[in-house]
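See structure below.
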Amino acid sequence: MSQEALIEQAKQKFLEEIDEIVNIEGVEDDEAFSRWICRNFLRIDDESDEEDAVEVGGAGDRSVDFFWMDETPDTREEQSISWGEAKFSRNLNREFDSTFLDHLGESIGKLEDPPITSNRAFKNCAEEFRAAGGVDSPMQKRIYICVAGKITPQVQEDIAEGSSWRVRHLSRTHGPKIEIIVIDLDKIVQHCIQAQTGPVQVTFSDTAKNPAGEVIGVIPAIIRTDSVTGKNSVFGYVNGNELLKLKRNEANTLFAQNVRQGLGNKTRPNKNMIATLQDPEKKQKFWKYNNGVTAICEKFELVENTENKFLVTNINIVNGRQTTLCLEENRAFVDDDVLVGLTIHEAIDVEERNKISEATNTQNPVVPIDLISNNDDLVLLESSCNRDYNRYFFERQRGGFSHDPVTRADRTRITGLRRMKKGDVARAFYAFNVDAYEAIKTSDEKLYNDQDVFYPRIFRVSVKELIFAHVLSESIKGLLKTWRKQIEQHREGQPITLPDLWHEDETDTLKEILNKKQIRYVLLSWIKESLDSFSDDDQVTIKTNMIERFGNIARGAAIPEEFLHIINAAITNFRFCFDVIQHETWPEDEDGNRRQPSPIEMKERIANDPDSADVIKHLLDTKANQIEQQRAGGTENPDPIKSRLENFL
């Protein structure tokens with residue numbers, strides 16, 4: 001296939017993906033483009049997170065079409081704040097000009113001090129932005145310029161390093177500098193041809209041992225500029241675990257431009273590498289005996305206030321697959337003594353980058369949970385689900401629901417509503433059945449490590465328990481969707497559907513509270529407390545009936561009201577208890593008086609304060625105390641959640 005034909009095929013693929021989002025989500029082209037950006041470049045794969053990110057778009061959005069704060073611990077990069085503007089045209093010829101750029105630049109100040117005419121979602125984004133430290137936050141901040149076309153030459157000049165526009169809009173910020181990322185048609189085409197990696201952080205070693213065993217400082221890396229292209233290259237030594245981290249996070253795309261995949265451990269060089277790694281003395285010379293690893297990238301830059309950390313965009317290893325495979329298969333022997341030479345070259349020419357085989361079109365980054373896909377425990381969960389609950393799909397392999405052997409008929413019967421992404425259902429189940437705070441704070445690397453304590457608590461259980469957690473999680477999303485629809489109906493003066501779930505002016509606030517993933521995890525434990533008050537037999541009956549009724553929801557149909565009422569009772573009861581112990585949960589104003597917290601402050605209180613775990617426990621104790629007090633006062637059904645669960649007996 002010629003390069004021109006490959007580019008045209010990529011454009012068509014992009015438009016088909018936009019159409020799919022339009023049809024499935026019921027949104028206009030512009031919002032579909034924002035969602036596409038969130039999925040493919042911000043790596044947002046949770047439906048409710050995506051809704052949260054794009055909700056800001058619309059009237060009063062201050063030129064911000066999406067806003068996303070990634071607070072996930074221990075991911076491939078530091079926590080980050082991303083926002084941007086997305087301009088779409090079906091002809092793929094839209095221009096992003098200086099007027100758009102100026103408005104986007106002004107969004108920084110408006111996030112610090114939102115105008116009164118800003119929409120509610122923008123004000124919520126602004127509150128999150130300020131809570132994270134605003135423009136001076138230590139978190140990485142990225143502004144995205146997204147256009148299904150191109151940026152004008154003036155915009156190109158304005159966003160260049162050292163430009164007067166940058167001085168005017170970005171020079172008054174502290175912390176990591178604000179990065180500007182352009183996603184234009186060329187980048188879109190490149191992404192549709194080959195999935196991108198990163199940005200990732202690479203740390204070069206800045207210490208060494210002398211013969212006496214003393215640790216001494218060394219120059220971590222050498223940077224050299226190509227006198228012809230002006231592109232930079234960097235060389236240094238990295239710990240073997242640094243390469244393994246790259247492999248875990250970007251496994252498939254990391255080697256997309258390598259001429260071969262792993263050759264196994266039977267070739268002579270690989271046998272020698274293994275022998276070196278397994279020898280305590282020789283492993284200290286691994287960097288001497290090994291040829292090292294060579295990678296290409298779009299760009300790299302030194303992380304501020306460091307001498308050995310680089311942020312690398314779209315890294316691909318072109319030489320060193322065997323070294324990486326050897327380290328991976330012998331990870332038990334990889335410690336601080338194992339160093340590997342690493343060379344990274346900035347952007348090779350476009351022609352070579354575009355010589356990508358069609359086989360790499362669907363490649364995606366690998367995350368920690370992918371590493372356990374073939375474990376016996378997950379295979380057993382998958383087979384149990386297929387055998388006993390064939391209206392549900394346990395997605396053992398990420399993306400498996402969309403590919404064979406799942407047929408179109410299977411997908412129609414199961415529907416996306418009953419597709420159980422193992423990462424989502426794992427955290428939901430852990431929050432429901434074990435500990436909400438640990439579900440919030442535990443990193444992917446620990447939660448999905450089959451050698452850690454968390455793994456057996458999640459994956460060595462009955463698949464029925466995972467399905468039940470999934471039903472509750474989807475019911476939460478269903479109530480959020482209902483409230484969004486009700487708010488829109490109220491705004492347009494239309495009759496409110498499901499009026500029993502409408503809370504008048506409080507609906508918007510409750511929606512924002514429920515929109516916080518950390519609070520949703522606490523709600524799952526909240527429901528578990530109520531479920532535990534039933535007899536064992538009744539608990540089994542409730543779970544069985546809820547799973548069966550949820551399994552009978554037709555494709556495209558809304559989640560029945562009786563499921564949504566459970567979540568509604570949980571969130572309103574949670575908020576009530578949060579207010580009961582306001583001396584512990586409410587923030588103080590400047591005069592030392594307690595005040596009603598915002599949804600963001602509620603999230604911070606149960607997730608990010610030093611005593612958050614104790615606060616969650618105290619909230620659950622408060623719930624139990626309130627039930628006992630009402631029961632003592634003669635209330636027949638003092639637990640509102642329990643009365644809703646009784647509908648499934």
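The values are calculated or read from the model by the stated rules, or taken from the named source; none is laboratory data. Note that the structure is a prediction, hence the values are computed from the model and not measured. All Cβ positions, glycine included, derive from the backbone under ideal geometry; neighbour counts span all protein chains shown. All accessible areas refer to the heavy atoms of the entire protein, side chains included, with ligands and DNA or RNA removed. Shrake-Rupley method; radii C 1.70, N 1.55, O 1.52, S 1.80 Å.
Take region 98-110 and flag every residue that is among the charged types (D, E, K, R) and either loosely packed, with under 14 Cβ neighbours inside 10 Å or more than 17 Å from Ser163 (Cα to Cα) (or both).
Of region 98-110, the ones among the charged types (D, E, K, R) are 102, 106, 110.
Of everything in region 98-110, those that are among the charged types (D, E, K, R) and either loosely packed, with under 14 Cβ neighbours inside 10 Å or more than 17 Å from Ser163 (Cα to Cα) (or both) turn out to be Glu106, Lys110.
For the list (1) open to solvent by less than 30 Å² (accessible area, probe 1.4 Å); (2) touching a residue at least 12 places away in the same chain (Cβ under 8 Å), I need the number of the one condition that Val27 fails.
Condition not satisfied by Val27: (2).
Give just the number: which of (1) of a type in the set (Ser, Thr, Tyr); (2) touching a residue at least 60 places away in the same chain (Cβ under 8 Å); (3) over 14 Å from Arg575 (Cα atoms); (4) open to solvent by 10 Å² or more (accessible area, probe 1.4 Å) does Thr635 not satisfy?
Unmet for Thr635, out of (1) of a type in the set (Ser, Thr, Tyr); (2) touching a residue at least 60 places away in the same chain (Cβ under 8 Å); (3) over 14 Å from Arg575 (Cα atoms); (4) open to solvent by 10 Å² or more (accessible area, probe 1.4 Å): (2).
Out of Asp611, Asp591, which single residue is open to solvent by less than 70 Å² (accessible area, probe 1.4 Å) and either free of Cβ contacts under 8 Å to residues at least 12 places away in the same chain or polar (S, T, N, Q) (or both)?
The match here is Asp611.
Restricting to region 284-341, and then to whatever is among the aromatic types (Phe, Trp, Tyr) and outside any strand (DSSP E or B), can you tell me which residue is nearest to Lys231 (Cα to Cα)? Spell out how you get there, then give the answer.
Applying the first criterion (among the aromatic types (Phe, Trp, Tyr)) to region 284-341 yields 286-287, 289, 300, 310, 333.
Right, trim to outside any strand (DSSP E or B) and you get 286-287, 289, 333.
On the way: Phe286: 30, Trp287: 26, Tyr289: 29, Phe333: 36 Å.
Among residues in region 284-341 that are among the aromatic types (Phe, Trp, Tyr) and outside any strand (DSSP E or B), the one nearest to Lys231 (Cα to Cα) is Trp287.
Quick one: is Gln489 open to solvent by less than 40 Å² (accessible area, probe 1.4 Å) and without any contact (Cβ under 8 Å) to a residue 12 or more places away in the chain?
Judged against the criteria, Gln489 is a match.
When the residues of region 113-123 are filtered to those that are in a helix (DSSP H, G or I) and open to solvent by 20 Å² or more (accessible area, probe 1.4 Å), which remaining residue is modelled with the lowest pLDDT?
Start the filter on region 113-123 by keeping residues that are in a helix (DSSP H, G or I), which leaves 120-123.
Filter once more, keeping what is open to solvent by 20 Å² or more (accessible area, probe 1.4 Å): 120, 123.
On the way: Arg120: 87, Lys123: 91.
Only one residue tops the list, namely Arg120.
Going by the structure shown, is Asn386 out of contact with any Leu (no Cβ under 6 Å at 6 or more places or on another chain), under 29 Å from Ile547 (Cα atoms) and either surrounded by 14 or more Cβ atoms within 10 Å (Cβ to Cβ) or at pLDDT below 75 (or both)? Explain how you work it out, then say what you get.
Working: out of contact with any Leu (no Cβ under 6 Å at 6 or more places or on another chain): yes; under 29 Å from Ile547 (Cα atoms): yes; either surrounded by 14 or more Cβ atoms within 10 Å (Cβ to Cβ) or at pLDDT below 75 (or both): yes.
Judged against the criteria, Asn386 is a match.
Check region 309-322 and report whether any residue there is of a type in the set (Ser, Thr, Tyr), in contact with a strand residue (DSSP E or B) (Cβ under 9 Å, 6 or more places away or on another chain) and under 16 Å from Val238 (Cα atoms).
Within region 309-322, not a single residue is of a type in the set (Ser, Thr, Tyr), in contact with a strand residue (DSSP E or B) (Cβ under 9 Å, 6 or more places away or on another chain) and under 16 Å from Val238 (Cα atoms).
Confirm whether Ser530 is open to solvent by less than 50 Å² (accessible area, probe 1.4 Å), more than 30 Å from Asp70 (Cβ to Cβ) and touching a residue at least 24 places away in the same chain (Cβ under 8 Å).
Details: open to solvent by less than 50 Å² (accessible area, probe 1.4 Å): yes; more than 30 Å from Asp70 (Cβ to Cβ): yes; touching a residue at least 24 places away in the same chain (Cβ under 8 Å): yes.
Yes.
Is it the case that region 238-258 has a residue that's in a strand (DSSP E or B) and modelled with pLDDT of 80 or more? Quick ask: steps written out before the conclusion?
Narrowing region 238-258 to residues in a strand (DSSP E or B): 238-239.
Still in the list and also modelled with pLDDT of 80 or more: 238-239.
Looking for residues that are in a strand (DSSP E or B) and modelled with pLDDT of 80 or more, one finds at least one in region 238-258, hence yes.
State all residues of region 594-608 that are open to solvent by less than 40 Å² (accessible area, probe 1.4 Å), in a helix (DSSP H, G or I) and not hydrophobic (A, V, I, L, M, F, W, C); if no residue qualifies, say none.
The initial filter retains those residues of region 594-608 that are open to solvent by less than 40 Å² (accessible area, probe 1.4 Å), namely 597-600, 602-603, 605-607.
If we keep only those that are in a helix (DSSP H, G or I) too, we end up with 599-600, 602-603, 605-607.
If the condition is that a residue be open to solvent by less than 40 Å² (accessible area, probe 1.4 Å), in a helix (DSSP H, G or I) and not hydrophobic (A, V, I, L, M, F, W, C), then Pro599, Lys603, Arg605 are the ones that fit.
Hey, any hits in region 346-360 for a residue that's modelled with pLDDT of 75 or more and open to solvent by 20 Å² or more (accessible area, probe 1.4 Å)? Let's see the steps before the verdict.
Restricting attention to region 346-360, the residues satisfying the condition of being modelled with pLDDT of 75 or more are 346.
With open to solvent by 20 Å² or more (accessible area, probe 1.4 Å) added as a condition, the list becomes 346.
Looking for residues that are modelled with pLDDT of 75 or more and open to solvent by 20 Å² or more (accessible area, probe 1.4 Å), one finds at least one in region 346-360, hence yes.
Filter region 150-180 for residues that are assigned to a strand (DSSP E or B) and surrounded by fewer than 18 Cβ atoms within 10 Å (Cβ to Cβ) and give the result.
First, pick out the residues of region 150-180 that are assigned to a strand (DSSP E or B): 150-151, 179-180.
Correct list: Lys150, Glu179.
Could you check Lys209 against (1) free of Cβ contacts under 8 Å to residues at least 24 places away in the same chain; (2) open to solvent by 40 Å² or more (accessible area, probe 1.4 Å) and say which number it fails?
(1)
Counting residues that are touching a Leu at 6+ places or on another chain (Cβ under 7 Å), which helices (runs of 4 or more DSSP H) fully inside region 1-112 reach at least 3?
Those helices (runs of 4 or more DSSP H) do not exist here; none qualify.
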